[in-house]
Amino acid sequence: MTKILYIANRDFKSYFTGLVAYVAAGLFMMLMSWMFFNVFVYFANNQYQMMAQGNHQSFSLNEYVFAPHFSNVNVILLIMIPALTMRLFAEERKNRTLDLLMTSPLTAGQIVAGKFIAGLGIVWTIIGTLALYPIVTSFFGHFDKGPILTTFLGLGLLTSVYVAIGIFASSLTESAIIAFIVAFVIEMFFWVIGWAGASMESAMGQTVFNYLSIVGHYADFTKGIIDTSGVIYYVSMAFFFCFLSQRVLESARWR
Amino acid sequence: MIEISNLTKRYGSINAIHNLNFSVKKGEIIGFLGPNGAGKTTTMKIITGFMAPTSGSVKIAGFDVFENPIEVKKRIGYLPETPPLYSDMLVKDYLRYVAQIKGLPSSQIEPGVARAIEKANLGQVQKRLIGNLSKGFRQRVGVAQALVHNPDVLILDEPTVGLDPKQVIEIRNLIKELSGDHTVVLSTHVLPEVTATCQRIIIINKGEIAAEDTFEGLSKRMTSTRRFYVKIRRTGDFEAQVKKIVGVKGIRPGTAGNSYEVELDKNDDSNEMLAEAIVKSGAGLMEFRSIDVSLEDIFLKLTTTDVAQQGATL
């Protein structure tokens with residue numbers, strides 16, 4: 001266990017010795033703020049119009065601000081996470097430092113776990129900045145805190161799948177760019193699989209495709225629903241891709 | 001300490017190594033010698049557990065590399081051809097990290113790092129970024145990395161590549177110092193390195209062991225005759241005269257003008273007779289010395305094909 005943390009610690013810190021973490025976090029916050037601003041202005045305009053018409057029923061901040069805002073996050077994560085994870089193994093292969101890990105008394109599982117924790121660490125650090133929006137909004141308006149918390153739980157689970165996919169893609173190659181593309185394509189596949197569900201004729205097919213869709217489950221979380229099938233889906237997907245990476249790493253010995 | 005039996009590794013249809021058998025005793029330094037592509041690196045990768053063999057087994061301190069990889073890896077320090085360095089880390093942080101993942105107990109990490117820094121003579125650069133170091137220093141960080149957990153066995157793949165002559169001597173001395181406590185296997189194609197550091201030499205060619213002995217043993221085994229370099233002032237019928245002397249196996253013109261290489265039977269009488277005959281012949285002896293068999297000669301003889309062998313007579 002301690003060895004896993006040693007690896008995680010080194011990889012996590014190396015995000016900060018270069019520019020990677022700063023660039024990713026900076027761009028992410030810029031985009032998110034811009035999106036939040038737009039969603040909020042849209043909400044405020046609607047509210048103003050309603051009041052001008054003499055309707056004093058107010059819109060829910062949860063429904064009209066936070067739910068769309070946090071859905072937008074997903075799109076950005078789809079690109080940001082592969083960019084953050086692409087180097088985890090590819091770089092080690094390219095610089096031959098993987099030789100060090102592979103000849104140290106470590107199991108392939110420990111190496112993957114260390115990388116997974118490091119990747120998750122940096123991603124969670126960056127999405128942690130999202131907490132600013134509800135915190136700041138809470139000074140001015142009233143909204144339900146529950147769905148915000150479930151959204152963060154959902155984000156945590158969702159990102160763990162993206163990180164696992166990113167690590168798997170990175171374990172396949174020594175080129176970070178290829179790792180990025182592969183991770184992005186796998187993520188997209190599990191994204192668009194939900195669309196296939198919509199066009200399915202059999203109810204059975206619809207259920208299967210909807211279940212496999214990475215976005216569908218997340219939508220539940222942003223609405224304040226903790227669906228156990230969603231939790232199981234995310235945990236098992238993350239585990240599955242970590243397991244694949246472990247197999248890839250192990251197989252390097254036989255090539 | 002290291003026992004290798006019937007080790008074979010195939011890449012597709014190519015036999016990288018074929019049926020290797022050898023063992024290394026505790027505290028020994030052995031040199032692994034061979035031309036490029038002979039299978040040195042492959043063998044080392046298998047010993048360190050980085051790569052699996054097609055068949056055969058490797059045992060380190062009684063543990064099989066494939067049944068007990070963790071135990072084996074704890075006992076091995078490995079310097080690959082390209083030192084595995086993180087260019088974004090400080091030298092000291094890097095060594096600490098290596099000590100951690102090698103499973104050194106936390107109380108021994110700092111002493112281990114300090115010892116490795118001292119042994120590899122890295123004191124002046126320990127606070128510097130690895131990416132900014134020169135090639136020589138990087139190589140030394142690589143050596144330090146292999147030493148940091150004080151392993152029983154050190155596997156060094158061409159440890160002196162890229163170093164300046166002074167550093168080469170330092171690293172060789174370091175390797176010699178390590179013998180006794182540590183078992184060292186080092187590969188190289190720099191021949192003097194082997195004579196300078198190793199107690200035993202294994203010459204490998206095309207994936208098979210071509211010879212395995214001490215340097216003295218090898219040179220003894222390789223030669224049934226002795227060669228002398230003779231330089232004279234006047235040639236005349238010198239060649240014909242020398243050929244008549246008992247014990248002379250052959251004579252051929254040497255590289256410089258008026259010089260010859262004379263091949264003799266291996267006994268002291270013929271030496272004396274040759275010297276006497278040359279002086280008496282009145283050819284005007286300028287130079288007379290024996291030509292030592294060098295490791296290069298042995299190496300070439302063992303590793304070159306038959307066609308090339310005729311050119312490289314011993």
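Every number here is computed from the coordinates shown, using simple stated rules; none is lab data. On a predicted model such as this, the values are computed, not experimentally measured, just so you know. Note that each Cβ is placed from the backbone with ideal geometry, even for glycine, and that neighbours are counted across all protein chains shown.
A quarter of the convex hull surface defined by the alpha-carbon atoms of region B:97-224 gives 9.5 nm² as the mean projection. An ellipsoid equivalent to region A:1-152, defined through the eigenvalues of its Cα gyration tensor, has semi-axes of 43, 15, 11 Å when rounded to whole angstrom and sorted largest first.
Backbone phi angles across region A:57-66, fed through the Karplus curve with coefficients 6.51, -1.76 and 1.60 (θ = phi - 60°), yield HN-Hα couplings of 6, 9, 6, 8, 4, 4, 6, 9, 10, 6 Hz in residue order; Gly and Pro are listed as x. A crude spin-label estimate for the pair residue B:11 and residue B:234, with each label 7 Å from Cα along the Cβ direction, gives 6.3 nm.
Result for chain B in a Gaussian network model with C-alpha springs under 10 Å: among B:256, B:38, B:61, the largest mean-square fluctuation is at B:256.
For region A:1-79, the Kirkwood radius over C-alpha pairs fed into Stokes-Einstein at 37 °C and 0.692 mPa s yields D = 210 µm² per second. As I understand it, the value is the acute angle between the Cα axis of helix B:91-101 and the longest principal axis of the Cα atoms of chain B; what does it come to in degrees, rounded to 10? Between helix and principal axis, roughly 70 degrees. In chain A, Cα pairs under 8 Å separated by at least six residues give a relative contact order of 26 percent. Put a dot 7 Å past the Cα of residue B:286, heading toward its Cβ, do the same for residue A:71, and the two dots end up 9.8 nm apart. In this structure, the amide hydrogen of residue B:287, modeled 1.01 Å from its nitrogen in the peptide plane, lies closer than 5 angstrom to those of B:231, counting only residues at least 5 positions away or on a different chain. Distance check, please: which entries in A:115/B:9; A:94/B:119; B:243/B:280; A:3/A:115; B:26/B:74; B:45/B:102 exceed 19 angstrom between their Cα atoms? Correct reply: A:115/B:9; A:94/B:119. Extending 7 Å from Cα along the Cβ direction at residue B:55 and again at residue B:164 yields two label points whose distance is 5.1 nm.
Counting other beta carbons within 10 Å of each Cβ, put A:65, A:235, B:262 in order, fewest first. Exposure proxy ranking, most exposed first: A:235, A:65, B:262.
Entry note, region B:2-218: relative contact order of 29 percent, from Cα contacts under 8 Å with a spacing of 6+ residues.
Listed by chain and number, the aspartates and glutamates whose alpha-carbon sits under 19 Å from that of residue B:40, ignoring those within fewer than 8 places in the same chain, are A:99, B:3, B:28, B:81, B:157, B:158, B:193, B:208, B:212, B:213, B:296. Taking every Cα-Cα distance in region A:42-129 and sorting them into 10 Å bins starting at zero, the pair-distance distribution P(r) comes out as 13, 28, 20, 15, 11, 8, 4, 0 percent. With only Cα atoms counted, region A:123-193 has Rg and Dmax values of 16.2, 50 Å. Note the angle between two axes, namely the Cα long axis of helix A:20-52 and the longest principal axis of the Cα atoms of chain A, as a number of degrees from 0 to 90, rounded to the nearest 10. Around 20 degrees separate the two axes. Shown for the protein assembly as shown is the translational diffusion coefficient from the Stokes-Einstein equation, using the Kirkwood radius over Cα pairs, a temperature of 20 °C and a viscosity of 1.002 mPa s: 75 µm²/s. Scanning residues 5 or more positions from residue B:211 or on other chains, those with amide H under 5 Å from its amide H are B:203, with H placed 1.01 Å from N in the peptide plane. Expressed per residue, the C-alpha convex hull volume of region B:41-134 stands at 114 Å³. Pick out which of A:83, A:67, A:44 has the largest mean-square fluctuation in a Gaussian network model of chain A, springs linking Cα atoms closer than 10 Å. Looking only at A:83, A:67, A:44, the biggest GNM fluctuation is shown by A:44.
Volume of the convex hull of region A:209-255 (Cα atoms only), normalised per residue: 73 Å³. Ratio of Rg to Rh for region A:2-254: 1.03 [Cα atoms; Kirkwood radius as inverse mean 1/r over pairs]. From the Kirkwood radius over Cα pairs of region B:2-218, Stokes-Einstein at 25 °C and 0.890 mPa s returns a whole-number translational diffusion coefficient of 140 µm²/s. Projected onto planes of every orientation and averaged, the convex hull of the alpha-carbon atoms in region B:224-292 covers 4.1 nm². Largest GNM mean-square fluctuation across B:104, B:191, B:285, computed for chain B with C-alpha springs under 10 Å, falls on B:285. Counted by Cβ distance under 15 Å from residue B:106, the other residues give a net charge of +2, where Lys and Arg count +1 and Asp and Glu count -1.
Estimated from the Cβ-Cβ distance and a Förster radius of 22 angstrom, the FRET efficiency linking residue A:50 and residue A:144 is about 0.65. Computed per residue of chain B from DSSP H runs no shorter than four, each worth -39500 (n - 2.57), the mean residue ellipticity at 222 nm is -10500 deg cm²/dmol.
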